[in-house]
Each structure stands twice: as C-alpha cells, then as structure tokens.
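Please read the structure below before turning to the comments.
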Amino acid sequence: MGGLDPAFVREKLKVYLIAGSKDTSSPLPVVLNEAIAGGITLFQFREKGPGAMEGQMKEALAMQLLKQCRNSGVPFIVNDDVDLALQIDADGIHVGQDDEDAAEVRKKAGKNKILGVSVHTVEEAYTAVEAGADYLGAGPIYKTGSKDDAKKESGPEWITEIRRNGIDIPVAAIGGINAGNGKEVIEAGADGLSVISAITMAPSPYQAAVELTSLFKDSKSR
Ligand SMILES: Nc1nc(C(F)(F)F)ncc1COP(=O)(O)OP(=O)(O)O
Ligand SMILES: [Mg+2]
C-alpha cells in the first residue's frame, strides 16, 4: 500500500497545479504565489521541455518554490527527478511509466513521502497500487498542449473505468482540464484536478485557482 493516509492525500489532491519555468511567461514564483492564494492544494514542480532549467539553476528554483509551498501548507511534489526530490526533502515524487520504477522509488523515499504514478491502463494502475503509490495520475483526459509526447485523450470514461475495476486509491485527472470541464471529471470519480495551462496561462492565475477550487465546494466528491 501507499505511505500516507489516503484521506490526507485525497484532500490535498483536489486542486493540483503542475508547472515548470517553461509553462508560463511570468516568473514561476509569482504564478505559484497567486495560485496558492487562489486555493491550490498541491503543487508539482515539472521542469521539462526545450530550454528547461538543469543542475544548480533547477535546484535553486526548486528550493524557492518549495519554501513558498512549505510556508502555505501546500505539499511540494517533484516530477521525474527522484534524486532532486530526496536532496531537497520534497514532500513527494511523481513518476510515469517511462521514469524510475515506482517500487524502487518507494524503497528510496520511504513511507512518509507522497508517491504519485501516471497510469494509462488498468494493469498499470494495479501495478502502481502494488508498488505503493499514494495516488494515480490518470490522463490525458482531454487534449493537452502542455505535454508534447502525450498519449491520445481518453475522456472522463478512463476515470470511471479505474473505479469500475475496484481501484479506490486517490486519483488525479490530468490533461486539458479547466474550470469548464472539471466538474464532469470529478463526477466520473476523480479526487483531484491536475492542471498546467489552465492556471499558468490564465490572465489571473489567482482567479483560475479560485474557480477550480469552487468546483469542489458543491460537488459530491468521494
Ligand atoms: N506529471 C504527471 N503528473 C500527474 C499528476 F497525477 F500529478 F497529475 N499525472 C501524470 C503526469 C505525467 O507523467 P509522465 O507520464 O511521467 O510524463 P511527464 O514526466 O512528462 O509529466
Ligand atoms: Mg515523468
């Protein structure tokens, strides 16, 4: 099983901002500040793509963003880079099927780190649960512009299929999600809405976060 209490993870998963320096034209710390004020519950530092930061620059940015999250009670997750996550004592790590093996990451990270795993099939979902994932990343639900090697969008049915197969651990939906389509994704069984451009490209990241947060106020979340 996972490391942390599923109720805690489910609560934190709700409005899940994922971003790196390439996802916004404004300084990422500024966007993160606004998003935190707007009510995001979880943040993933995903520094990827052409021109992404590496080495000392990436570590320094990660430390700054981690501090902002720590000051606001928003857990800080590092995407892909397990060593960086452990080095800066992040709150968790997210890995996909082409990254380090989830069971290995759980061994390295111990039980007190949040471990997220991207899954695209029921088989991958079962394996991730066995490996000790605290949450699953399911998507892309809709067409995404934020990941150039994304698979074909599945629609909210993919979330329903995960639940139909008796997989009850927290699930974050990802891929083209925004305040306009988020409600149907929650109703399909997602515990969290993971977004990149819906917040990073919004005229007001604050307002975008507020609108996503409001979807959980009146919806029958699990
Ligand atoms: N980064 C992610 N975060 C989530 C989360 F659940 F957190 F919403 N779900 C899925 C992904 C995609 O993970 P992956 O397939 O490794 O691609 P990449 O490393 O390019 O993001
Ligand atoms: Mg990855």
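Would you call GLY96 away from ligand 1 (no atom under 14 Å from the Cβ) and among the small types (Gly, Ala, Ser)?
Considered against the rule, which asks whether it is away from ligand 1 (no atom under 14 Å from the Cβ) and among the small types (Gly, Ala, Ser), GLY96 comes out as no.
Conditions tested, residue by residue: (1) of a type outside the set (D, E, K, R); (2) buried (at least 23 other Cβ atoms within 10 Å of the Cβ); (3) in contact with a helix residue (DSSP H, G or I) (Cβ under 6 Å, 6 or more places away or on another chain).
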| residue | (1), (2), (3) |
| --- | --- |
| THR121 | yes, no, no |
| GLU124 | no, no, no |
| THR127 | yes, no, no |
| GLU130 | no, no, no |
| TYR135 | yes, yes, yes |
| ALA138 | yes, yes, yes |
| THR144 | yes, no, no |
| LYS151 | no, no, no |
| THR160 | yes, no, no |
_So in the stretch 107-134, with the set limited to residues that are outside any helix (DSSP H, G or I) and basic (Lys, Arg), which one is farthest from ligand 2 (Cβ to nearest atom)?_
LYS111
*For the stretch 59-81, enumerate the residues that are touching a helix residue (DSSP H, G or I) at 6+ places or on another chain (Cβ under 7 Å) and more than 12 Å from ligand 1 (Cβ to nearest atom).*
GLU59, LEU61, ALA62, GLN64, LEU65, GLN68, SER72, VAL74, PHE76
*Do any helices (runs of 4 or more DSSP H) lying entirely in the stretch 135-214 carry at least 2 residues that are touching a strand residue (DSSP E or B) at 6+ places or on another chain (Cβ under 8 Å) and of a type in the set (Val, Ile, Thr), and which ones are they?*
157-164, 182-187, 197-200
*asked:* Here are the criteria: (1) in contact with a Phe, Trp or Tyr (Cβ under 9 Å, 6 or more places away or on another chain); (2) in contact (Cβ under 8 Å) with a residue 12 or more places away in the chain. Tell me which single one ASP23 does not satisfy.
replied: (1)
*Do you know which residues across the stretch 43-71 are surrounded by fewer than 17 Cβ atoms within 10 Å (Cβ to Cβ), among the small types (Gly, Ala, Ser) and not in a loop (DSSP other than H, G, I, E, B)?*
GLY55, ALA60
_Matching residues, the stretch 54-82, being over 23 Å from ILE174 (Cα atoms) and within 16 Å of ligand 2 (Cβ to nearest atom)_ = GLU54, LYS58
_Residues of the stretch 103-145 classified as in contact (Cβ under 8 Å) with a residue 12 or more places away in the chain and within 21 Å of PRO75 (Cβ to Cβ), total_ = 25
_Candidate set: the stretch 82-93, residues that are more than 23 Å from GLY139 (Cα to Cα) and charged (D, E, K, R); chosen: the one nearest to ligand 1 (Cβ to nearest atom)_ = ASP83
_Pairs needed: first member in the stretch 29-52, farther than 25 Å from VAL117 by Cβ and among the acidic types (Asp, Glu); second member anywhere, in a helix (DSSP H, G or I) and more than 16 Å from ligand 2 (Cβ to nearest atom); C-beta distance under 8 Å; at least 6 residues apart or different chains._
GLU34/PRO205; GLU34/TYR206; GLU34/ALA209
_Tell me whether the stretch 166-183 contains one or more residues that are over 15 Å from SER118 (Cβ atoms), among the β-branched types (Val, Ile, Thr) and buried (at least 18 other Cβ atoms within 10 Å of the Cβ)._
no
*Verdict on ILE40 being closer than 26 Å to ALA138 by Cα, modelled with pLDDT of 95 or more and surrounded by 23 or more Cβ atoms within 10 Å (Cβ to Cβ)*: yes
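The values are calculated or read from the model by the stated rules, or taken from the named source; none is laboratory data. The structure presented is a predicted model; accordingly, all values stated were derived computationally and were not measured. Cβ atoms come from the backbone with ideal geometry, glycine included; neighbour counts cover every protein chain shown.
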